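The values are calculated or read from the model by the stated rules, or taken from the named source; none is laboratory data. Treat the numbers as computed from the prediction; the structure is a model and nothing was measured. Backbone-built Cβ (ideal geometry, glycine too); neighbour counts: all protein chains shown.
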Amino acid sequence: FMTSLNLKLCCSLAVLGKESQKRAGGEVEMVRHNRDRNKNAGLFCNVCLCLPLCLRWEEEKCTDGSKWRFLEHKGPVFPPPYEPLPDRVRFYYDGKAMKLSPGAEEVATFYAKMLDHEYTTKDIFRKNFFKDWRKEMTSEEKSKITELKKCDFTEMHEYFKAQSEARKQMSKEEKQKIKEENERILQEYGYCVMDNHRERIGNFRIEPPGLFRGRGDHPKMGKLKRRIRPEDIIINCSKDSVHPKAPPGTRWKEVRHDNKVTWLVSWTENIQGSIKYIMLNPSSRIKGEKDWQKYETARRLKKIVERIRAQYREDWRSKEMRIRQRAVALYFIDKLALRAGNEKDEGETADTVGCCSLRVEHIRLHPQMDGQDYVVELDFPGKDSIRYYNKVSVEKRVFKNLQLFLENKQAKDDLFDRLNTSILNKHLQELMDGLTAKVFRTYNASITLQQQLKELTSSDDNIPEKILSYNRANRAVAVLCNHQRAPPKTFEKSMHNLQTKIDEKKKQLSAAKKELKAAKADAKTLRDEKSKRAVETKKKAVQRISEQLMKLEVQATDREENKQIALGTSKLNYLDPRISVAWCKKLGVPIEKIYNKTQREKFAWAIDMTDEDFEF
DNA sequence: AGAACCACTTAGCAGATTTCGA
DNA sequence: TCGAAATCTGCTAAGTGGTTCT
């Protein structure tokens, strides 16, 4: 099928000029447009759904580790420069108005904007902010402003509130104009050419300066996240592309041509000293292929998971402590879908843990509890400081091992003192090529969805019922992976509103039923065409209303069950989209009911290649 | 072996946009 | 047609895991 028949230029490359086309591929390639032909051979171009030319280079790509041959882009978009406050908006220190230097003023505005937030009341936040703010002050300012609690930012705060209010009140035309300008920027900076495709970039805007807010109890909250200058930026593109220009009067830190990586732009951030990247959108070929590969690895695990389970159960009896610990940790990762738990720099980040970094204080053992034997109670802050809390009954051997691991240890000691993620992953690598701890999460999430869908849906259900079942299956996975969210602020109210609607609908229904009864009685006595038709109309009305009622009730159940559970993360990152696509096809549910536009773009590969009998 | 570095995926939230229902 | 609610999108922090340096 690789025969390149005439037809059309691959996707929007056609809109580029002749020069760019030449740079992009040397010759203009023609490809055949046919979506149905190959099921598993490769990904489709996400823009036009022609076959991707990159397929042709697959072998080459695999061997030398290069990720692309040609890459051209316009570089990042910088946030607008700081606009000093009008003179009427004043800052007060110790009750006296004080004009700040632009540098100090800018940092002050970051704080002023956050005044409504709870974290400006936190000691660490205030301390970090004040320390970094002072660094931006002139020496006079520094000598005057010595205490944060004497600073009065309220005028500034009011000013920004008024500004955002004004923005909301803008006329339709003004809003339209802004929208158009954004669209122009998107078209210019939001796309790149990678090999023969015009691809959407994920985050092409440089992060604006501000005050850092980590999640949970972060020791660095409130620190100044500094403004990124062109001199901080490394550009990555191909040698034969037109390099992006640095803004007038500036230069890039570096322009490099590294096709072993996928990023276009990088810079070093000043809070943790880590590197930030501009990369492609999930709809891009390079992300899609990686995603596909991830699920293929999880499917390979499926084939051998029973063997691995047998082995780690065996290892619970090992005479070596390190092997027992490894086996118990792996059991947790497999059974509870815990994350690996890399070590973190103490004092640099919030105190959170995963499996390998669990400490004594995070676990409690109950030989008996709630009528169950060998109950393990886990309670720890996980990623993003989201609490993981679970009570689970385990095998006796696991329990005994845990007791052993806990012996002679203090609360702050590591539960698995002979284990870390690197040791664990080395072991996993020996069991299967590409196997790491996180593959278990992907595998268990996807297999759970597939099982739950099978269990919960029946082809006799109507579409809303099927969707409820899908959401429930999705929810089972989200619960497994501990994907939580704060209950929406309007939750109680909107639940109440929905209940009111349901009650009204019920009344409507009984009224309609009454009318139907009356109509039937009429028809029986009158026996004419007109009254017969009336019966039919009333029947339809009853049917319609009861359908509406059911839909509302389904909605209420769904929403109640979803109060504190976030479905998005698992849908986007853990569930093989082919399971959902196959389910939709099999049960006649339009894919749009399951995936919105962005999600359909991300999963274009799966939507195209999957038929209804796909099995994970 | 362990630390440091790097690249990439996964995560929840806030604000923007769209949809819904009176 | 309007305001509220629902949904989506962008943002960027926080993980995982590989490689390189010491």
Original post:
Can you spot a residue in the range A:177-189 that is in a strand (DSSP E or B), at pLDDT 95 or above and surrounded by 14 or more Cβ atoms within 10 Å (Cβ to Cβ)?
Top reply: no
Original post:
What pairs come up if the first residue lies in the range A:552-570 and is touching a residue at least 24 places away in the same chain (Cβ under 8 Å), the second is among the small types (Gly, Ala, Ser), and their beta carbons are under 6 Å apart, counting only those six or more places apart or on different chains?
Top reply: A:Ile565/A:Ala478; A:Leu567/A:Ala478; A:Ser570/A:Ala445; A:Ser570/A:Ala478
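Kindly indicate the residue of the range A:239-269 that is of a type in the set (Lys, Arg) and surrounded by fewer than 16 Cβ atoms within 10 Å (Cβ to Cβ) and also farthest from A:Pro76 (Cα to Cα) among those meeting that condition.
Among those residues, the one meeting the criterion is A:Lys260.
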**OP:** State all residues of the range A:118-134 that are of a type outside the set (A, V, I, L, M, F, W, C) and under 18 Å from A:Pro219 (Cβ atoms); if no residue qualifies, say none.
**Re:** A:Glu118, A:Tyr119, A:Thr120, A:Thr121, A:Lys122, A:Asp123, A:Arg126, A:Lys127, A:Asn128, A:Lys131, A:Asp132
Original post:
Within the range A:204-253, which residues are of a type in the set (Gly, Ala, Ser) and within 13 Å of DNA strand B (Cβ to nearest atom)?
Top reply: A:Gly210, A:Gly214, A:Gly216
Original post:
Which of the residues spanning the range A:515-539 are part of a helix (DSSP H, G or I) and basic (Lys, Arg)?
Top reply: A:Lys517, A:Lys520, A:Lys524, A:Lys530, A:Lys532, A:Arg533, A:Lys538, A:Lys539
**OP:** Please state which one of A:Ala298, A:Ala327 is of a type in the set (A, V, I, L, M, F, W, C) and more than 17 Å from A:Leu415 (Cα to Cα).
**Re:** A:Ala298
**OP:** Go through the residues of the range A:119-126 one by one and say whether even a single one is under 30 Å from A:Ile278 (Cα atoms) and out of contact with any Gly (no Cβ under 6 Å at 6 or more places or on another chain).
**Re:** yes
Subject >> Every residue from the range A:540-578 that is among the charged types (D, E, K, R), surrounded by 15 or more Cβ atoms within 10 Å (Cβ to Cβ) and in a helix (DSSP H, G or I) >> reply: A:Lys551, A:Glu553, A:Asp558, A:Arg559, A:Lys571, A:Arg578
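Which residues, taken from the range A:536-577, are within 16 Å of DNA strand C (Cβ to nearest atom) and basic (Lys, Arg)?
A:Lys551, A:Arg559, A:Lys563, A:Lys571
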**OP:** Count, please, the residues in the range A:363-387 that happen to be under 28 Å from the mean Cα position of the chain (by Cα) and either within 14 Å of DNA strand C (Cβ to nearest atom) or surrounded by fewer than 15 Cβ atoms within 10 Å (Cβ to Cβ) (or both).
**Re:** 9
Original post:
Could you list, in sequence order, the residues of the range A:481-514 that are assigned to a helix (DSSP H, G or I) and either more than 18 Å from A:Gln548 (Cα to Cα) or within 13 Å of DNA strand C (Cβ to nearest atom) (or both)?
Top reply: A:Phe491, A:Glu492, A:Lys493, A:Ser494, A:Met495, A:His496, A:Asn497, A:Leu498, A:Gln499, A:Thr500, A:Lys501, A:Ile502
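Yes or no, residue by residue, for (1) assigned to a helix (DSSP H, G or I); (2) closer than 21 Å to A:Val360 by Cα; (3) touching a residue at least 40 places away in the same chain (Cβ under 8 Å):
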residue	(1), (2), (3)
A:Gln403	yes, yes, no
A:Leu419	no, yes, yes
A:Leu435	no, no, yes
A:Thr442	yes, no, yes
A:Leu449	yes, no, yes
A:Leu468	yes, no, yes
**OP:** Kindly establish whether A:Asn596 is assigned by TED's automatic domain parsing to the domain that holds A:Gln450 and either more than 16 Å from DNA strand B (Cβ to nearest atom) or closer than 30 Å to A:Gly202 by Cα (or both).
**Re:** yes
Original post:
Could we say that A:Glu612 is farther than 18 Å from A:Leu449 by Cβ, modelled with pLDDT under 95, surrounded by fewer than 17 Cβ atoms within 10 Å (Cβ to Cβ) and not hydroxyl-bearing (Ser, Thr, Tyr) here?
Top reply: no
**OP:** For A:Glu174, work out the one condition from (1) more than 16 Å from DNA strand C (Cβ to nearest atom); (2) loosely packed, with under 14 Cβ neighbours inside 10 Å; (3) not in a helix (DSSP H, G or I) it doesn't fulfil.
**Re:** (3)
**OP:** Could you tell me which residue of the range A:481-516 is surrounded by the fewest Cβ atoms within 10 Å (Cβ to Cβ), considering only residues that are hydrophobic (A, V, I, L, M, F, W, C) and more than 30 Å from A:Lys383 (Cα to Cα)?
**Re:** A:Ala511
Subject >> Positions within the range A:114-138 being surrounded by fewer than 19 Cβ atoms within 10 Å (Cβ to Cβ) and under 31 Å from the mean Cα position of the chain (by Cα), in sequence order >> reply: A:Leu115, A:Asp116, A:His117, A:Glu118, A:Tyr119, A:Thr120, A:Thr121, A:Lys122, A:Asp123, A:Ile124, A:Arg126
Original post:
Can you pull out the residues in the range A:254-285 that are in contact with a helix residue (DSSP H, G or I) (Cβ under 9 Å, 6 or more places away or on another chain), within 23 Å of A:Ile579 (Cβ to Cβ) and within 10 Å of DNA strand B (Cβ to nearest atom)?
Top reply: A:Pro282
**OP:** Filter the range A:201-218 down to residues that are small (Gly, Ala, Ser) and part of a loop (DSSP other than H, G, I, E, B) and give me whichever is surrounded by the most Cβ atoms within 10 Å (Cβ to Cβ).
**Re:** A:Gly214
Original post:
Looking at this structure, is A:Leu301 in contact with a helix residue (DSSP H, G or I) (Cβ under 6 Å, 6 or more places away or on another chain), surrounded by 14 or more Cβ atoms within 10 Å (Cβ to Cβ) and within 23 Å of A:Asn573 (Cα to Cα)?
Top reply: yes
**OP:** Determine which member of the set A:Leu428, A:Leu406 is within 16 Å of DNA strand C (Cβ to nearest atom) and either under 23 Å from A:Glu320 (Cα atoms) or surrounded by 12 or more Cβ atoms within 10 Å (Cβ to Cβ) (or both).
**Re:** A:Leu428
Original post:
Among the residues of the range A:275-285, is there at least one that is of a type in the set (S, T, N, Q), assigned to a helix (DSSP H, G or I), within 16 Å of DNA strand C (Cβ to nearest atom) and under 19 Å from the mean Cα position of the chain (by Cα)?
Top reply: no
